[in-house]
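Participant: I have a structure I would like to understand better, so I am pasting it below and will then ask my questions one at a time.
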């Protein structure tokens, strides 16, 4: 499974636009990206499977206090598939 960084940003801005850190209150989050390709988010394997498919998390890190917020990557991917990015309007 892959999630592009720009798509993850679009997901979080749309789904949780006022999502402040529950520890320190800031609204600044960092999405880690892959060392191999900075256009892709880094997805953490959970070590679990669902229906025989490996499960992954996308972690966000608060830029002020460092708390981690965890989202199941499959839910983000499903939303992205149902809500494709619109191309430029002519």
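Participant: Can you bin the chain into rounded, prolate or oblate? Criterion: square roots of the alpha carbon gyration tensor eigenvalues sorted a ≥ b ≥ c, rounded for a/c under 1.5, prolate for a/b above b/c, oblate for the rest.
Facilitator: Note, shape of the chain comes out oblate.
Participant: Distance from the Cα centre of segment 1-32 to that of segment 47-90, in angstrom?
Facilitator: 10
Participant: Among 58, 68, 40, what is the fewest-to-most ranking by other Cβ atoms within 10 Å?
Facilitator: 68, 40, 58
Participant: With runs of 4+ DSSP H residues as the only contributors, calculate the mean residue ellipticity of the chain at 222 nm using -39,500 (n - 2.57) per run, divided by the residue total and rounded to the nearest 500.
Facilitator: -7000 deg cm²/dmol
Participant: Related question: For segment 21-65, what class follows from the C-alpha gyration tensor (a ≥ b ≥ c being the square roots of its eigenvalues): rounded when a/c is under 1.5, otherwise prolate if a/b is larger than b/c, else oblate?
Facilitator: It comes out oblate by the Cα gyration axes.
Participant: Tell me, what is the percent relative contact order of the chain, built from C-alpha pairs under 8 Å that lie six or more residues apart?
Facilitator: 26
Participant: Could I ask something else about it? Please give the peptides 42-55, 7-20 ranked by average Cβ packing (other Cβ atoms within 10 Å per residue), highest first, as a rough proxy for protection.
Facilitator: 7-20, 42-55
Readers should treat all values here as calculations from the given coordinates under stated rules, not as data from a laboratory. On a predicted model such as this, the values are computed, not experimentally measured, just so you know. Heads up, the Cβs are rebuilt from the backbone with ideal geometry, glycines too, and the neighbour counts pull from every protein chain shown.
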